[in-house]
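Contents: one structure, followed by commentary.
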Amino acid sequence: MYEGIVQDLIDELGQLPGVGPKSAQRIAFHLLQADPVDVRRLADVLIQVKQRVKFCSTCFNVSEDDQCRICRDPRRDGSVICVVEEYKDVVAIERTREFRGRYHVLGGAISPIDGVGPEQLRVRELLTRLADGEITEVILATDPNLEGEATATYLTRNLKPLGLRITRLASGLPVGGDLEYADEVTLGRAFAGRRAAE
């Protein structure tokens, strides 16, 4: 335990995902030894991110504008939507260069243990987007874990009556894994070999 503000810094850094007590301590001491100009630049960027970044009004991806660059891109196929859990999954899929449609970010996955049901996700907004008849295929690209599968099953049941083609990513992704950690080749193959949702 350190005194005052140093311990406060370690505690705050320890709240970040994936940062344990030892890592928080290392980062804190790195910042203490860093040039004040570099620390100020980091602080300014953190403040700007919170002030300027919001969610796309169409797909809920992160954006500095009302719509993200993907939704604004006229070259994207507007008839296909890829449904993902988090905006970091959009980045993972974009790295594959296999998908040329648009996205819908749910904002999580169904997890009764964590108190997350369909009402806490952007399912209503997805249904609203599908109502205009422009979309013909929905790709369910949820994580291949218990929560992701539950979310995909729920969405499949609710989307089937709309008469759309509903597909899931093919095998190749490890069960229990996160899309964010999949390499481009594995994720690309999973995209190319997607299957009909059951």
| field | Checking ILE135 against (1) in contact (Cβ under 8 Å) with a residue 40 or more places away in the chain; (2) surrounded by fewer than 22 Cβ atoms within 10 Å (Cβ to Cβ); (3) more than 18 Å from ALA197 (Cα to Cα), the condition it does not meet | value | (3)
| Within the range 32-40, is there a residue that is over 29 Å from TYR181 (Cβ atoms), loosely packed, with under 12 Cβ neighbours inside 10 Å and touching a residue at least 24 places away in the same chain (Cβ under 8 Å)? | yes
| request: Write out, first by first residue and then by second, each pair whose Cβ atoms fall under 6 Å of each other, whose residues are 6+ apart or on separate chains, and whose first residue, in the range 163-178, is assigned by TED's automatic domain parsing to the domain that holds THR136 and within 17 Å of GLY193 (Cβ to Cβ) while the second is assigned to a strand (DSSP E or B) and modelled with pLDDT of 85 or more. | output: ARG165/GLU137; ILE166/VAL138; THR167/ILE139; ARG168/LEU140
| Could you say whether any residue in the range 70-83 is assigned by TED's automatic domain parsing to the domain that holds THR142 and touching a residue at least 60 places away in the same chain (Cβ under 8 Å)? | yes
| query | Looking at PHE60, PHE29, which is the one that is on the phi > 0 side of the Ramachandran plot and either surrounded by fewer than 13 Cβ atoms within 10 Å (Cβ to Cβ) or not acidic (Asp, Glu) (or both)? | reply | PHE60
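The values are calculated or read from the model by the stated rules, or taken from the named source; none is laboratory data. Just so it is clear, the model here is predicted, and its values are computed rather than measured. As a convention, Cβ positions derive from the backbone with ideal geometry for all residues, glycine included, and neighbour counts pool all protein chains shown.
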